[in-house]
1. What Kirkwood radius, in Å to one decimal, follows from the Cα pairs of the chain?
2. Which value in deg cm²/dmol, rounded to the nearest 500, describes the helix-derived mean residue ellipticity at 222 nm for the chain, given -39,500 (n - 2.57) per DSSP H run of n ≥ 4 and division by the residue count?
3. In the chain, what % of DSSP beta bridges are antiparallel (nearest 5)?
4. Could you put R45, R75, R52 in order of accessible surface area, largest first, with the 1.4 Å probe and the full protein assembly present?
5. If you place +1 on the Cβ of every Lys and Arg, -1 on the Cβ of every Asp and Glu, and leave all else neutral, what size is the dipole of the chain about its Cα centre, to the nearest 20 Debye?
6. If you take every residue apart from I50 with its C-beta less than 14 Å away from the C-beta of I50, what net charge results, scoring Lys and Arg +1 and Asp and Glu -1?
Amino acid sequence: MTENLLQVAYKAIDDKRAEDIVVLNMENISLLADYFIICHGSSDRQIQAIAREVQEKAYENGFDVKRVEGFDSARWVLVDLGDVVVHVFHKDERAFYNLERLWGDAPQLDVPTAEL
């Protein structure tokens, strides 16, 4: 179930041409979620489009969206899907917060973009 959600979210992000998509396995590291997906866009409009697509595809595939934060400012949008949390950054903000370094103990995963 979580792997299917991960694929749905990843594909939605990829479809909107997000840059530098990183998936972190948080299962033994954080109680917040099993997986973090981190990516960035180059404009406010693209960041909002990525976040919107993640929400729409989650709903279409029967998954709940727990909450969305930061959508209006479009600098760091967090889409909480429960077991999967998506972080969509503006390029400048991503470098500043550097979540990959902060959660450096988390293994990175390769997620195939198989057709769903």
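1. Evaluated on the chain, it is 13.8 Å.
2. Working: 4 runs with 42 residues, N = 116.
Here the helix-only value at 222 nm equals -11000 deg cm²/dmol.
3. Of all bridge pairs located within the chain, approximately 70 percent are antiparallel.
4. Numbers: R45 195, R75 80, R52 105 Å².
Ranked list, largest accessible area first: R45, R52, R75.
5. Numbers: 12 positive and 22 negative charges, 68 e Å.
The calculated dipole for the chain is roughly 320 debye.
6. Taking every other residue near I50 into account, the sum is +1.
The values are calculated or read from the model by the stated rules, or taken from the named source; none is laboratory data. Just so it is clear, the model here is predicted, and its values are computed rather than measured. Reconstructed Cβ throughout: ideal geometry from the backbone, glycine too, with neighbour counts over all protein chains shown. We work out accessible area using only protein heavy atoms, side chains counted, and drop any ligands, DNA or RNA first. Shrake-Rupley method; radii C 1.70, N 1.55, O 1.52, S 1.80 Å.
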